[in-house]
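The values are calculated or read from the model by the stated rules, or taken from the named source; none is laboratory data. Keep in mind the model is a prediction, meaning the values are calculated, not measured. Heads up, the Cβs are rebuilt from the backbone with ideal geometry, glycines too, and the neighbour counts pull from every protein chain shown. When the accessible area is computed, the model is the full protein with side chains, heavy atoms only, and any ligands, DNA or RNA have been set aside. Shrake-Rupley method; radii C 1.70, N 1.55, O 1.52, S 1.80 Å.
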Amino acid sequence: MKYLFSVLVFVALAFAANDGCTEACVDINPGTDAVSLTVLNDWPQTQSVYGLDIYEDASTFYILGSDKVGMKIQAYNASGVPAGSLPFDAGNTYCFGIAWNNDPDTDTYYTNDWYDTVLYYTEDFGINWTTTANPAGSNGRGMDFDGTDYWCTLETGGSLWRFQPGVGAQNIAIPEVPGHTSGLAVFPYGGNLGIAVAAQSIPHSIYFHEWDGTTMSFLGSAECPVFNVCNYGLAYSETTGYLYWSYLDVSSIYHIVEMSFDINMALEPSSWGSIKTSF
């Protein structure tokens, strides 16, 4: 059954300084020449926006954001306007990452927590939540689903987790990303899987990799196109072909940004059906 987002009136809460970032949030990195990012839209929000994902099918498009302060997954329309939400589990008080299973007929949503060591998931749009082991423990941050496997960044940096909940997990090194990591987005790239990872603080850049099912290869990085205090979520849309990025500005306002990206002049088209992984 396809569940629709129910509209929830948001009452603004005081800004919470604790965001899972454990190092100073300053400075920027020039990136590499291999990757470029172009801002198309920048939408300030009145609520917190941590991890991101995209809900899309033939007729529906939502940007999903983790509102840790409001204790919900907030949906935004294609113009960045809040459109509805689903509530977190009462125990999921420090949620960062969210991931939808890419199936509008049997929706499943996973969330993590930067104090709790489990993943939360719901199959009935937030009415009931269940927990399962999180391979990243309480260090997991940004999450995404590639159609077969889930991925998440580690707050401590240096690697990613690729996993299937309750089945198996693999830790994969990404030594090119210094410092702490936050958002993660997967996208089709040349018959393989592209993975974008945001550094949460120092340096303020987004790093691009290619996973061929066995080996992780570094493609390049790009400086975040807007000066910010901290980077948070990343998501990719097959519908638009764009990346979506959330950040906190110097006035403690959260933003969602829609941006195009280019790797080595052009992304190679691919279909999710060509991406095969197994444990």
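For the pair Asn128 and Ser252, what calculated FRET efficiency results from E = 1/(1 + (r/R0)^6), where r is the Cβ-Cβ distance and R0 = 25 Å, to the nearest 0.05?
Step by step, r from the Cβ atoms, then E = 0.15.
Under the 0.36 nm per residue contour assumption, what length would be gained going from the current alpha-carbon distance of Ala90 and Thr46 to full extension? Kindly include the intermediate steps, with their values, before the conclusion.
Details: separation 44, 0.36 × 44 = 15.84 nm, distance 2.20 nm.
The span from Ala90 to Thr46 would gain 13.6 nm if fully extended.
Would you report the distance distribution of C-alpha pairs in the stretch 66-225 as whole percents per 5 angstrom bin, up to the bin with the largest distance?
So the P(r) values, bin by bin, are 2, 9, 18, 22, 21, 16, 10, 3, 0.
For Tyr115 and Thr156, what is the calculated FRET efficiency with R₀ set at 22 Å and r taken between the beta-carbons, to the nearest 0.05? Kindly include the intermediate steps, with their values, before the conclusion.
Working: r = 15 Å, r/R0 = 0.67.
Calculated value: 0.90.
Please work out how much accessible surface Arg162 shows to a 1.4 Å probe, ignoring ligands, DNA and RNA, in Å² rounded to 10.
10 Å²
Mind pulling up the Rg/Rh value for the stretch 104-182? Radius of gyration and Kirkwood radius, both on Cα. List each step's numbers first, then the result.
Numbers: Rg = 12.8 Å, Rh = 13.0 Å.
Ratio of gyration radius to Kirkwood radius for the stretch 104-182: 0.98.
Among rounded, prolate and oblate, which fits the stretch 69-123 when a ≥ b ≥ c are the square roots of the eigenvalues of its C-alpha gyration tensor, a/c under 1.5 means rounded, and a/b larger than b/c means prolate?
On the way: a/c = 2.20, a/b = 1.31, b/c = 1.68.
Taking the square roots of the gyration eigenvalues as a ≥ b ≥ c, the stretch 69-123 is oblate.
Keeping all protein chains in the complex and leaving out DNA, RNA and ligands, what accessible area do you get for Thr239 with a 1.4 Å probe, in Å² to the nearest 10?
Counting only protein heavy atoms, Thr239 exposes about 90 Å² to solvent.
Give the long-range amide H neighbours of Phe88: residues separated by 5 or more places, or on another chain, with amide H under 5 Å away, using H modelled in the peptide plane at 1.01 Å from N.
Lys72, Ile73
Go through the stretch 139-154 residue by residue and turn each phi into a ³J(HN,Hα) via Karplus (6.51, -1.76, 1.60, θ = phi - 60°); whole Hz please, and just put x for glycine and proline.
8, x, 10, x, 10, 7, 10, 9, x, 10, 10, 8, 10, 8, 7, 10
When only the heavy atoms of the protein chains count and the probe is 1.4 Å, how do Glu223, Glu56 rank by accessible area, highest first? Walk me through the numbers on the way to the answer.
Values: Glu223 70, Glu56 30 Å².
Reading off the accessible areas and sorting them downward yields Glu223, Glu56.
How large a share of the accessible area of the stretch 111-229, in percent, is made up of carbon and sulfur atoms when the probe is 1.4 Å and the other protein chains stay in place? Let's see the in-between values first.
Working: 1750 of 3640 Å².
Of all accessible area on the stretch 111-229, carbon and sulfur atoms account for 48 percent.
In Å², and per residue, what accessible area does the stretch 171-251 have when probed at 1.4 Å with the other protein chains present?
Values: 2190 Å² over 81 residues.
Accessible surface, normalised per residue, equals 27 Å².
Restricting things to alpha carbons, tell me how big the stretch 130-249 is in terms of Rg and Dmax, in Å.
13.5, 40
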